[in-house]
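Student: Take this structure first; my questions come after.
Please treat every number below as a calculation from the coordinates, not as lab data. In this text, all values refer to a predicted model and were calculated from it rather than measured experimentally. All Cβ positions, even for glycine, are placed from backbone atoms using ideal geometry, and neighbour counts span all protein chains on display.
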Amino acid sequence: MPFLDTNKLPQDERRPGWLGRYFHSPTLTFAHWEFAKGADIHAHSHEQEEVWQVLEGELQVTIGAETQIAGPGMVAVVPPHTAHSVVALSDGKAIVTDFPLRPGMAGPRL
């Protein structure tokens, strides 16, 4: 299955204010997020490298000790095993990609 319509994937509210649709390639996990103003993701780390691509809205992203506001077109790269957190400053959308695969994330495999 080389093609997938992400709009047809079920949405999951993994955290309050974070609606996600997930899928996996052989080596990557993808999450298409819709976020609500004020929604947050607590500080945490994991073994995967994680890349945040902001499509709409603004996020305050903290990676290690550095915090920046990320808007459309911005990318935030989280190294493996690095503490990071996110706060939605507005409603919006982002795509998050993890390498290697992120266990525990539902969704089809391509």
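Student: For residue 67 and residue 6, FRET efficiency with R0 = 25 Å and r from the beta-carbon atoms, rounded to 0.05?
Tutor: Step by step, r from the Cβ atoms, then E = 0.30.
Student: So between residue 44 and residue 95, what do we pick up on full extension, going 0.36 nm a residue minus the alpha carbon distance? Let's see the in-between values first.
Tutor: Details: separation 51, 0.36 × 51 = 18.36 nm, distance 1.83 nm.
Extra length available between residue 44 and residue 95 comes to 16.5 nm.
Student: Now, a different point. Can you pull out the GluC sites (Glu not before Pro) in the range 1-81 that DSSP calls coil and that have at most 16 other Cβ atoms within 10 Å?
Tutor: Those satisfying the criteria are 47.
Student: I'd like to know which of 6, 97, 86 lies farthest towards the positive end of the charge dipole of the chain, counting +1 on Cβ of Lys and Arg and -1 on Cβ of Asp and Glu.
Tutor: Comparing the listed Cα positions along the dipole, 6 ranks first.
Student: Just want the ordering: 98, 12, 5, from fewest to most Cβ atoms lying within 10 Å of their own Cβ.
Tutor: Listed from fewest to most nearby Cβ atoms, that is 5, 12, 98.
Student: State, as an integer percentage, the relative contact order of the range 12-99 based on alpha-carbon contacts under 8 Å between residues 6 or more apart.
Tutor: Relative contact order comes out at 37 percent.
Student: Given a cut-off of 19 Å, what percent of all Cα-Cα pairs of the chain lie beyond it?
Tutor: Roughly 42 percent, rounded to a whole number.
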